[in-house]
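Engineer: I'd like to ask you about the structure that follows.
The values are calculated or read from the model by the stated rules, or taken from the named source; none is laboratory data. Given the structure is predicted, the values throughout are model-derived calculations rather than measurements. Virtual Cβ from ideal backbone geometry, glycine too; neighbours counted across all protein chains shown. Remember, those area values only see protein heavy atoms, side chains included, never the ligands or the DNA or RNA. Shrake-Rupley method; radii C 1.70, N 1.55, O 1.52, S 1.80 Å.
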Amino acid sequence: MEMKKGKECKLTFKSVAFFLTIVYIVSLIPLLWISFYNYPSADDYSIGSNCRQIWVQSHNIFAVLWGGVVRAVEDWLSWMGYFTSNFLMAVPPSTFGERCYVLTAWIILFALSFSTCYFLKMIFVKVFHADKYVSHSVSMLMLFVTVQCMVGRVEAFYWYSGAANYMLVHSMSLLFYGLLISLLYDKGKKRISKLTIASFLGFLVGGGNQMTALNVAIVLFVAIGLGMLFKKWNEHKGLFIPIILFYIGFVLNVVAPGNWVRAEGVGGMNPIKAVLVSFYYCLDYCVEEWSGWPIVIMVVALVPLFWKMVSKTEFKFSYPLIVVVFGYCLVSAMMTPPLFAVGNMEAARLQAVTFAMYLLVLTLCEGYVVGWVQKKMQKEKPETVGKFSVNETWCLLSCLLFFVAAAGLTIIPEPHYFTASSAIASLTDGSAKEYGDALKERMVLYNSGQKDIEVQPLSAQPTLLYFSDIKEDAGDWENRGLCRYYGIDSVRVKK
């Protein structure tokens with residue numbers, strides 16, 4: 001790093017963006033590598049059995065997709081209202097062959113990465129005219145921490161039924177937001193194509209998991225209110241099409257007969273209690289359980305990035321307290337549907353999607369607060385174009401060095417602390433391969449033509465891959481789901 005006159009250095013926006021991108025991509029390699037030992041389990045079999053049998057009998061992809069639609073309608077009537085999630089879960093990658101299941105982590109990680117980058121780019125670059133490299137740096141930093149510190153990693157990235165229902169729909173919602181923002185600025189044919197995609201996507205997001213759908217409903221409601229308050233809707237009437245289609249999907253999601261059928265078998269909270277408890281849970285989970293030292297480092301490292309980002313915008317950032325309180329309410333609202341439905345937030349997939357939303361909201365709120373502080377302290381002096389100042393550079397380097405040192409000290413006693421270190425640990429100790437080989441042997445039996453099958457217990461259960469397994473009782477729901485999936489009469493684990 002070369003200093004210039006003691007005041008500036010040659011640490012450019014572009015070099016930081018490039019470095020963080022490389023770090024993020026490299027950090028994904030172990031996650032994608034271990035996915036080659038990933039196999040279906042639980043709902044992948046029970047919910048995916050119909051489409052699997054359609055594919056085996058016809059090898060017609062359109063028939064498979066139609067089978068997914070039929071299953072989504074049946075579940076909407078008899079089990080759960082989120083028809084988009086029901087469709088996604090009905091067509092796992094393993095429908096087209098067990099080895100296609102390795103695509104689960106690739107699909108989820110790509111969807112999360114792309115949608116997050118697109119959404120943040122639309123906010124930072126389109127709305128606030130920020131430097132594209134600084135914007136990209138923020139996205140990479142936030143994504144790195146989100147993926148590496150993710151709670152409930154199995155259900156977030158590797159168990160398709162949980163990942164598709166929550167993380168994939170969450171990614172769809174970010175893409176939907178990004179398209180709506182883009183539509184505020186685009187004109188001509190590009191606008192028409194984006195409007196079409198946003199309309200279709202809005203309906204699907206409305207029919208996704210109810211945590212994400214409720215969040216989007218709140219954000220759009222506030223956006224509509226602000227648009228009416230500042231009389232801006234006349235300029236953007238076209239946005240009503242995707243917004244209305246979202247709310248149509250959301251209403252269909254909420255009023256589904258299946259919601260009431262499922263509610264009879266669980267003990268949820270009344271609506272008022274669910275809302276109040278969700279505010280407490282937001283503090284309990286987000287502050288006490290999830291905000292470890294990596295989150296603190298991320299917050300500190302984002303300060304110089306946001307400082308540069310907001311220095312050129314004319315936006316005043318006048319209401320930081322209101323924005324932070326709204327962000328807190330938004331994350332709390334993520335927890336309300338499961339508290340209302342089942343009375344708890346214990347499922348790892350519920351915590352995973354809430355964690356992802358928490359870090360996204362935390363990042364956006366920090367950007368707003370930094371913008372408010374910067375505008376209060378702004379002095380009339382020329383800014384260094386495309387470069388960080390010496391103080392900003394040392395802040396970023398200090399965060400990097402502290403993270404490397406702390407990570408080294410942490411993963412020695414806790415190799416599964418980060419997602420990548422967990423993948424590396426399972427790959428190096430052989431448990432991932434042992435797990436994959438055992439399930440591969442089972443697949444041979446399942447496809448052998450035998451009708452009554454006994455399998456050996458799994459000798460390895462790698463932290464990132466293992467979600468659940470069939471039981472010794474052949475009548476267990478997981479065993480029966482697997483039987484429907486392969487068209488066999490019975491299966492159980494040997495005692």
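Engineer: Kindly establish whether Ala405 is modelled with pLDDT of 95 or more, farther than 25 Å from Pro92 by Cβ and surrounded by fewer than 17 Cβ atoms within 10 Å (Cβ to Cβ). Quick ask: steps written out before the conclusion?
Structural biologist: Details: modelled with pLDDT of 95 or more: yes; farther than 25 Å from Pro92 by Cβ: yes; surrounded by fewer than 17 Cβ atoms within 10 Å (Cβ to Cβ): yes.
Yes.
Engineer: Hey, can you tell me all the residues within region 188-231 that are surrounded by 13 or more Cβ atoms within 10 Å (Cβ to Cβ) and at pLDDT below 85?
Structural biologist: Arg191, Gly227
Engineer: If Lys440 passes every condition in (1) more than 26 Å from Arg484 (Cα to Cα); (2) open to solvent by 10 Å² or more (accessible area, probe 1.4 Å); (3) part of a helix (DSSP H, G or I) but one, which one does it miss?
Structural biologist: The single condition Lys440 does not satisfy is (1).
The rows are residues; the columns are (1) without any contact (Cβ under 8 Å) to a residue 24 or more places away in the chain; (2) surrounded by fewer than 16 Cβ atoms within 10 Å (Cβ to Cβ); (3) part of a helix (DSSP H, G or I).
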position	(1), (2), (3)
Ala301	no, no, yes
Trp307	no, no, yes
Lys312	no, yes, no
Ser318	no, yes, no
Leu321	yes, yes, yes
Gly327	no, no, yes
Thr336	no, no, yes
Gly343	no, yes, no
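Engineer: Consider Met3 carefully, then state whether it is out of contact with any Asp or Glu (no Cβ under 7 Å at 6 or more places or on another chain), at pLDDT below 95 and open to solvent by less than 40 Å² (accessible area, probe 1.4 Å).
Structural biologist: No, not satisfied.
Engineer: Now for a different question. Test Gln351 against the stated conditions and say whether it is assigned to a helix (DSSP H, G or I) and either free of Cβ contacts under 8 Å to residues at least 24 places away in the same chain or surrounded by fewer than 22 Cβ atoms within 10 Å (Cβ to Cβ) (or both).
Structural biologist: Numbers: assigned to a helix (DSSP H, G or I): yes; either free of Cβ contacts under 8 Å to residues at least 24 places away in the same chain or surrounded by fewer than 22 Cβ atoms within 10 Å (Cβ to Cβ) (or both): no.
Spelling it out, it is not the case that Gln351 is assigned to a helix (DSSP H, G or I) and either free of Cβ contacts under 8 Å to residues at least 24 places away in the same chain or surrounded by fewer than 22 Cβ atoms within 10 Å (Cβ to Cβ) (or both).
Engineer: Mind listing whichever residues of region 257-273 are surrounded by 11 or more Cβ atoms within 10 Å (Cβ to Cβ) and at pLDDT 90 or above? Steps first, answer last, please.
Structural biologist: Step one: filter region 257-273 for residues surrounded by 11 or more Cβ atoms within 10 Å (Cβ to Cβ), giving 257-259, 261-263, 268-269, 271, 273.
Correct list: Lys273 only.
Engineer: Read through the list (1) outside any loop (DSSP other than H, G, I, E, B); (2) in contact with a Phe, Trp or Tyr (Cβ under 7 Å, 6 or more places away or on another chain), then give the number of the only condition that Lys194 fails.
Structural biologist: (2)
Engineer: Could you grab the pairs with beta carbons closer than 8 Å, sequence gap of 6+ or different chains, first residue in region 427-451 and in contact (Cβ under 8 Å) with a residue 60 or more places away in the chain, second one open to solvent by less than 30 Å² (accessible area, probe 1.4 Å) and among the small types (Gly, Ala, Ser)?
Structural biologist: Every condition considered, the pairs that remain are Ala432/Ala423; Ala432/Ser426; Ala432/Ala460; Tyr435/Ala460.
Table: residues versus (1) in a loop (DSSP other than H, G, I, E, B); (2) among the basic types (Lys, Arg); (3) within 26 Å of Arg153 (Cβ to Cβ).
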| position | (1), (2), (3) |
| --- | --- |
| Ser35 | no, no, yes |
| Ala63 | no, no, no |
| Gly67 | no, no, no |
| Leu88 | no, no, yes |
| Lys126 | no, yes, no |
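Engineer: Count, please, the residues in region 50-62 that happen to be surrounded by 14 or more Cβ atoms within 10 Å (Cβ to Cβ), more than 15 Å from Cys100 (Cα to Cα) and of a type outside the set (Val, Ile, Thr).
Structural biologist: Qualifying residue count, region 50-62: 2.
Engineer: Here is a follow-up. Look at Gly449 and say whether it is open to solvent by 10 Å² or more (accessible area, probe 1.4 Å) and among the small types (Gly, Ala, Ser). Talk me through it step by step, then tell me what you get.
Structural biologist: Working: open to solvent by 10 Å² or more (accessible area, probe 1.4 Å): yes; among the small types (Gly, Ala, Ser): yes.
Yes, satisfied.
Engineer: Consider only pairs whose beta carbons are under 6 Å apart and that are at least six residues apart or on different chains; among these, list those whose first residue lies in region 98-118 and is open to solvent by 40 Å² or more (accessible area, probe 1.4 Å) and whose second residue is in a helix (DSSP H, G or I) and polar (S, T, N, Q).
Structural biologist: Cys100/Ser94
Engineer: Of all residues in region 462-486, which are surrounded by fewer than 15 Cβ atoms within 10 Å (Cβ to Cβ) and either in a helix (DSSP H, G or I) or not acidic (Asp, Glu) (or both)?
Structural biologist: Once the filter is applied, which keeps residues that are surrounded by fewer than 15 Cβ atoms within 10 Å (Cβ to Cβ) and either in a helix (DSSP H, G or I) or not acidic (Asp, Glu) (or both), region 462-486 yields Ser468, Lys471, Gly475, Trp477.
Engineer: Ok, one more. Could you list, in sequence order, the residues of region 452-461 that are outside any strand (DSSP E or B) and either open to solvent by 20 Å² or more (accessible area, probe 1.4 Å) or closer than 18 Å to Thr104 by Cβ (or both)?
Structural biologist: Across region 452-461, the qualifying residues are Gln456, Pro457, Leu458, Ser459, Gln461.
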